[in-house]
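A.B. asks: Below you will find the structure I want to go over with you.
The values are calculated or read from the model by the stated rules, or taken from the named source; none is laboratory data. Only a predicted model underlies this, so the values are computations on that prediction, with no experimental measurement involved. All Cβ positions, even for glycine, are placed from backbone atoms using ideal geometry, and neighbour counts span all protein chains on display.
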Amino acid sequence: MINARHLITTSLLALVLLLSSLAQADLIIRITKGNDQAIPVALVPFMWKGKGSLNEDVAGVISANLARTGLFRALPREDLISLPTKAEEVVYRDWRLLKVNYLVVGSIEALEGKNIRIRYELFDINRQESLLSESVAGNLDNLRNRAHFISDRIYERLTGQKGIFSTRIAYITSVQKGNTMDYTYRLHVADADGQKSRTILTSKQPLLSPSWSPDAKKLAYVSFETGRQAIFVQELATGKRYQLTNFKGLNGSPAWSPDGKKIAMTLSRDGNAEIYIYHLDDRRLTRVTHHYAIDTEPSWSPDGKSLIFTSGRSGGPQVYRINLLSGEESRLSFEGNYNARPRYSPDGREIFMVHRGSGGGLFSIAALNMDTGRMRILSTSPLDESPSVAPNGAMVIYALMIGEKGVLGVVSTDGRIQYELPAANGNVREPAWSPYLN
Amino acid sequence: MELMKHSKVFALAAVLALVAGCGSTGNTEEVADEVTEEVVAEEVLSSDGAVAEAADSAAAAEAEANAASDAILPAINTIYFDFDKSNIRSEFYDVLNGHAAYLMANPSAKVKLEGHTDERGTPEYNLALGERRGNSVQRYLSLQGVDASQLEVVSYGEERPAVRGQSSQAYSKNRRVEFNY
């Protein structure tokens, strides 16, 4: 157990070192819808046993992470009546009086050089027992990352579901110079909370549709830098990139297969927008759809055996599925007159998409339940698009417009909590939630 | 004039049917539906008095211009589309005919047909829709006799709006194909 933990710790550490160049334009969190039923937790500031002060408030980061899931509500710091840092100092009765269900205490110890050790403990106040007691290695430069790791451990212990605090998001920003046609597009990768963003690519021509490889080490995306659309693949650790496709017409919607060996995409090389699969090992291209209407925005089923996609074959965009073995196609969305860019939940039971009702109006993010066929509307601003599901299936990130500014929104898949991630300047679009990093 | 316009509608429908037939290996019933839909859309526009009138006066101006020279680059280089549609509105036939005449008179001229959409809907679907709009224009010009090597379609989808804003007026200005010589 200890070995396994050390392994995780070291690999995370290595990753953080590679991600050392950080951009200034982090995203800012604004919670727009809270959950009244959230479970109260208390996070006591971790005691720092070293010189000076730390550049991160570890307990504060954990507290914000837990609150952002909508499942938990952190007790405000001013309401803490005592500040225990270890089990012996915890008086259960005090925390029961504060109506707190769970408590986290901890301390950070300075080791040689920049190294540190974080000890923390999670308590169930009602049952008066310790649920988790661990020691995590780190250094002064990766405190935030360590806080995300501890958040993942606590979240998993309390919900039985893997946490997504150590995952990342990729997104595109565009900045227009005055009212000219001079745009600057940037592809970014940031922590799931919008912090620690760094620019992966800058271009004067449009960038869109970032798609993560299943090992979270590469991104495929669409770039217009050649004057036309082309799909590129870029390694995150090294920045190395290459052009994957250069076909006449559309080269869009790259979607990495769950086994990482194929990329589904939209090409119009045969005259019309159709879906193809590019086999990365032998560069073979197989055509999937054959229809004169638009077929685009492919996405893989979790088992990799079928693709869901948007097709205009009924007269307007609707969501379809094709079985890759039999070639059998079926229409999945019927409610509404615009259903597009589908994405499966990790368990395959729901499909998230951009939806507009039959009466027209708002473009919302909706979830189609594959068992009941019912559509649930999750977002409510007028122009929502690009839903991308977190790897644990608990949250969906999407793009929305506030006035004329594009920002990112996150909604829990149960619809109970919603928050926004605006950038300091420019439009933010095309978010893609990474797979788990370990 | 009315007859000519209708003959163009049917010519367009015939081209669409041809293209549809080539691209499809599947449901012929749906192919038929699509063509009917395109023709209906054109007829609705043709029967609109205001639109027809505008087209007439544009045609008159065009005829004058033609008399001067086919070699002059047409002044209007953008045509507009309806939401989620890629069929050419009849009011723009004359604009396209002007470009066709220019391109045929200048075989060395090349044009990029840049397809665009409004910001509603998804970016990738809009890229495909923008290409479809560009393809409609390309097919129309080819039908008039323009050589395929003079034409290239590039779609920008919703990435390059002509007008900022979220009014229906702004949207209608963004659903377009631009001729970029």
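A.B. asks: I'd like to know if segment A:369-382 contains one or more residues that are part of a strand (DSSP E or B), in contact with a Ser or Thr (Cβ under 7 Å, 6 or more places away or on another chain) and within 14 Å of chain B (Cβ to nearest Cβ).
C.D. replies: Start the filter on segment A:369-382 by keeping residues that are part of a strand (DSSP E or B), which leaves A:369, A:375-377.
Of the ones still in play, those that are also in contact with a Ser or Thr (Cβ under 7 Å, 6 or more places away or on another chain) are A:377.
With within 14 Å of chain B (Cβ to nearest Cβ) added as a condition, the list becomes none.
No: zero hits.
A.B. asks: Is it true that A:ALA340 is out of contact with any helix residue (DSSP H, G or I) (no Cβ under 8 Å at 6 or more places or on another chain) and of a type in the set (A, V, I, L, M)?
C.D. replies: Working: out of contact with any helix residue (DSSP H, G or I) (no Cβ under 8 Å at 6 or more places or on another chain): no; of a type in the set (A, V, I, L, M): yes.
Criteria not met by A:ALA340.
A.B. asks: Mind listing whichever residues of segment A:202-224 are more than 13 Å from chain B (Cβ to nearest Cβ) and over 19 Å from the mean Cα position of the chain (by Cα)?
C.D. replies: Residue satisfying the conditions is A:THR202 alone.
A.B. asks: Now for a separate question. Within segment A:330-352, take every residue that is touching a residue at least 40 places away in the same chain (Cβ under 8 Å) and touching a Lys or Arg at 6+ places or on another chain (Cβ under 8 Å) and give me the one that is nearest to the other protein chains (Cβ to nearest Cβ).
C.D. replies: A:PHE352
A.B. asks: Same structure again: Taking segment A:250-274, which residues are closer than 24 Å to A:PRO431 by Cα and at the interface with chain B (Cβ under 8 Å from one of its Cβ atoms)?
C.D. replies: As a first pass, look at segment A:250-274 and keep what is closer than 24 Å to A:PRO431 by Cα: A:250-267, A:273-274.
Passing the criteria: A:LEU250, A:GLY252, A:SER253, A:THR266, A:ALA273.
A.B. asks: If you scan segment B:101-122, which residues turn out to be buried (at least 20 other Cβ atoms within 10 Å of the Cβ) and assigned to a helix (DSSP H, G or I)? Walk me through it before giving the result.
C.D. replies: Step one: list which residues in segment B:101-122 are buried (at least 20 other Cβ atoms within 10 Å of the Cβ), which gives B:101-103, B:111, B:113-122.
Hits for segment B:101-122 are B:ALA101, B:TYR102, B:LEU103.
A.B. asks: Which ones in segment A:355-368 are outside any loop (DSSP other than H, G, I, E, B) and over 30 Å from A:SER166 (Cβ atoms)?
C.D. replies: Just the residues of segment A:355-368 that are outside any loop (DSSP other than H, G, I, E, B), to begin with: A:355-356, A:363-368.
Result: A:HIS355, A:ARG356, A:PHE363.
A.B. asks: Does B:GLN138 count as in contact with a Leu (Cβ under 9 Å, 6 or more places away or on another chain) and farther than 19 Å from A:GLN229 by Cα?
C.D. replies: Details: in contact with a Leu (Cβ under 9 Å, 6 or more places away or on another chain): yes; farther than 19 Å from A:GLN229 by Cα: no.
Criteria not met by B:GLN138.
A.B. asks: Going by the conditions given, is A:PRO298 part of a loop (DSSP other than H, G, I, E, B) and under 21 Å from A:GLU430 (Cα atoms)? Working first, answer last.
C.D. replies: Working: part of a loop (DSSP other than H, G, I, E, B): no; under 21 Å from A:GLU430 (Cα atoms): yes.
It is false that A:PRO298 is part of a loop (DSSP other than H, G, I, E, B) and under 21 Å from A:GLU430 (Cα atoms).
A.B. asks: Here's a follow-up. Of all strands (runs of 3 or more DSSP E) completely enclosed by segment A:207-257, which ones contain at least 3 residues that are aliphatic (A, V, I, L, M), assigned by TED's automatic domain parsing to the domain that holds A:VAL428 and modelled with pLDDT of 95 or more? Quick ask: steps written out before the conclusion?
C.D. replies: On the way: elements: A:207-212, A:218-223, A:230-235, A:241-243, A:251-256.
It comes to A:218-223, A:230-235.
A.B. asks: Taking segment A:171-195 on its own, how many of its residues are surrounded by 19 or more Cβ atoms within 10 Å (Cβ to Cβ) and either touching a Lys or Arg at 6+ places or on another chain (Cβ under 9 Å) or of a type in the set (Phe, Trp, Tyr) (or both)?
C.D. replies: Residues of segment A:171-195 that are surrounded by 19 or more Cβ atoms within 10 Å (Cβ to Cβ), as a first pass: A:171-174, A:185-194.
After this cut, where a residue has to be either touching a Lys or Arg at 6+ places or on another chain (Cβ under 9 Å) or of a type in the set (Phe, Trp, Tyr) (or both) as well, the list is A:171-174, A:185, A:188-193.
So the answer is 11.
A.B. asks: Can you report the number of residues in segment B:135-181 which are in contact with a His (Cβ under 9 Å, 6 or more places away or on another chain), within 11 Å of another protein chain (Cβ to nearest Cβ) and outside any loop (DSSP other than H, G, I, E, B)?
C.D. replies: So the answer is 3.
A.B. asks: Go through segment A:271-291 and count every residue that is modelled with pLDDT of 95 or more and over 30 Å from the mean Cα position of the chain (by Cα).
C.D. replies: 4
A.B. asks: Tell me, yes or no, whether segment B:157-164 has at least one residue that is surrounded by fewer than 21 Cβ atoms within 10 Å (Cβ to Cβ), modelled with pLDDT of 95 or more and in contact with a Pro (Cβ under 9 Å, 6 or more places away or on another chain). It would help to see each step written out before you state the result.
C.D. replies: Step one: of segment B:157-164, the residues surrounded by fewer than 21 Cβ atoms within 10 Å (Cβ to Cβ) are B:160-164.
Filter once more, so that each one left must be modelled with pLDDT of 95 or more: none.
Scanning segment B:157-164, I find no residue that is surrounded by fewer than 21 Cβ atoms within 10 Å (Cβ to Cβ), modelled with pLDDT of 95 or more and in contact with a Pro (Cβ under 9 Å, 6 or more places away or on another chain), so the answer is no.
A.B. asks: Would you pick out the residues in segment B:167-181 that are of a type outside the set (Ser, Thr, Tyr) and surrounded by 15 or more Cβ atoms within 10 Å (Cβ to Cβ)? Can you show your working first?
C.D. replies: So the first thing to find is which residues in segment B:167-181 are of a type outside the set (Ser, Thr, Tyr), and the list is B:169-170, B:173-180.
Matches in segment B:167-181: B:ALA170, B:LYS173, B:ASN174, B:ARG175, B:ARG176, B:VAL177, B:GLU178, B:PHE179.
A.B. asks: When only residues in segment A:32-91 that are surrounded by fewer than 19 Cβ atoms within 10 Å (Cβ to Cβ) and assigned to a strand (DSSP E or B) count, which is farthest from the chain's Cα centre (by Cα)?
C.D. replies: Result: A:LYS49.
A.B. asks: Can you tell me how many residues in segment A:283-325 are acidic (Asp, Glu) and out of contact with any Asp or Glu (no Cβ under 8 Å at 6 or more places or on another chain)?
C.D. replies: The qualifying residues number 1.
A.B. asks: May I pose another question? So is A:LEU244 away from chain B (no Cβ under 14 Å) and in contact (Cβ under 8 Å) with a residue 24 or more places away in the chain or not?
C.D. replies: Yes: the conditions hold for A:LEU244.
A.B. asks: Taking only segment A:403-438 into account, find how many residues are touching an Asp or Glu at 6+ places or on another chain (Cβ under 8 Å), of a type in the set (A, V, I, L, M) and modelled with pLDDT of 90 or more.
C.D. replies: Of the residues in segment A:403-438, 3 are touching an Asp or Glu at 6+ places or on another chain (Cβ under 8 Å), of a type in the set (A, V, I, L, M) and modelled with pLDDT of 90 or more.
A.B. asks: Turning to a different aspect of this structure: Restricted to segment A:275-322, and to residues that are of a type in the set (Lys, Arg) and more than 10 Å from chain B (Cβ to nearest Cβ), which residue is nearest to A:ASN337 (Cα to Cα)? Spell out the reasoning first.
C.D. replies: Pass one, segment A:275-322, residues of a type in the set (Lys, Arg): A:283-284, A:287, A:305, A:313, A:321.
From what's left, more than 10 Å from chain B (Cβ to nearest Cβ): A:283-284, A:287, A:305, A:321.
On the way: A:ARG283: 37, A:ARG284: 36, A:ARG287: 27, A:LYS305: 28, A:ARG321: 18 Å.
Applying the filter and picking the extreme gives A:ARG321.
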